[in-house]
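Notes follow once the structure below has been shown.
The values are calculated or read from the model by the stated rules, or taken from the named source; none is laboratory data. Every value quoted in this text rests on a predicted model; they were computed, and no experiment measured them. In this analysis, Cβ positions are derived from the backbone assuming ideal geometry, glycine residues included, and neighbour counts consider all displayed protein chains. Ligands, DNA and RNA are excluded from the accessible area calculation, which covers all protein heavy atoms including side chains. Shrake-Rupley method; radii C 1.70, N 1.55, O 1.52, S 1.80 Å.
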Amino acid sequence: MENISSKNIIYQYGLLTSLVSISWEVVKFSMGAHYENDTVSTVVGTIILIAGIVLAQLAFRKANGGFVEYTKCLKIGVGVGVVVALIGVIYHLIFINFIEPDFFEKVLEISYNNLMEDNPEMLQGATLQQFVEASSWVTKFTPVFIIAFTLFFSFIFSLCTGIIIKRKAD
């Protein structure tokens, strides 16, 4: 059995998964649903990531004569996650700087209004401006959160899917 490099598969499926993920974000934006933090959007985003990881692992297994080790599945899944995270951060930066520069202001305003309705004592009498100023650190660290969460979930999903997809040569 020859030693197949996983690098091309990681890049190929990472780019493909990123393309599908960004397409989903564009659809949400075009429908005006990009401010909503609903369960359906989260589930669809998760399914896109899992599908990209599984398809990459299966593609490697097929290219490797039907065999793949668990550690290779893990490497491929996390590798796909790295590509998705980095492209996701690039898309995010383009989105908040060029497509919708006031995105975070609107998100923080929506969050403030939701807190006022659901749990006003949590705001301790803070005005919208005070809330925005106190929450501004979140906007600066969003790229870090995108990378951290994508890598964490890629690792978890790869652990789970690798158990099912692995197949060792006897």
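Between the helical axis of 7-30 and the longest alpha-carbon principal axis of the chain there is an angle of about 30 degrees.
Consider a paramagnetic label point 7 Å from the Cα of residue 90 along Cα→Cβ; state which residues of the stretch 1-45 have an amide N under 12 Å from it. Output list for this probe position: 15-16, 18-19.
Volume of the convex hull of the stretch 1-78 (Cα atoms only), normalised per residue: 84 Å³. The sum of -39500 (n - 2.57) across all DSSP H runs of n ≥ 4, divided by the residue count of the chain, sets its helix-only mean residue ellipticity at 222 nm to -27000 deg cm²/dmol.
If one takes the longest principal axis of the Cα atoms in the chain, at what angle in degrees, from 0 to 90 and to the nearest 10, does the Cα axis of helix 128-165 lie? Here the helix axis deviates by roughly 20 degrees. For the stretch 122-170, the spread of Cα positions along the three principal axes, ordered from largest to smallest, is 67, 21, 8 Å. Using a cutoff of 8 angstrom between alpha carbon atoms and counting only pairs six or more residues apart, the relative contact order for the chain works out to 35 percent. Within the accessible area of the chain, the carbon and sulfur atoms contribute 66%, probe 1.4 Å, all protein chains present. Once the GluC sites (Glu not before Pro) in DSSP loops with at most 13 neighbouring Cβ atoms within 10 Å are cut out of the chain, the longest remaining piece is 37-170.
Rounded, prolate or oblate, given the Cα gyration tensor of the stretch 88-158, with a/c below 1.5 counting as rounded? Oblate shape, in that a/c is at least 1.5 and b/c is the bigger or equal ratio.
Taking a ≥ b ≥ c as the square roots of the eigenvalues of the Cα gyration tensor, an a/c ratio of 1.5 or more together with a/b larger than b/c marks the stretch 33-113 as prolate.
Net charge dipole, the stretch 7-111: roughly 800 debye, given to the nearest 20, about the Cα centre with Cβ charges of +1 for Lys and Arg and -1 for Asp and Glu.
Placing pseudo-labels 7 Å out from each Cα toward the beta carbon at residue 27 and residue 124 gives an inter-label distance of 4.3 nm. Computed on the stretch 2-75, with alpha-carbon pairs under 8 angstrom and 6+ residues apart, the relative contact order is 47 percent. Equivalent ellipsoid of the stretch 67-129: semi-axes from √(5λ) of the C-alpha gyration tensor, largest first, are 39, 19, 7 Å.
When the stretch 63-170 is described by a simple charge dipole with +1 on each Lys and Arg Cβ and -1 on each Asp and Glu Cβ, the residue from 81, 158, 169 located farthest towards its positive end is 169. When the chain is treated as a GNM with alpha-carbon contacts under 10 Å, the residue of 66, 81, 125 showing the greatest mean-square fluctuation is 125.
Computed over the Cα atoms of the chain, the ratio of the radius of gyration to the Kirkwood radius (Rg/Rh) comes to 1.10.
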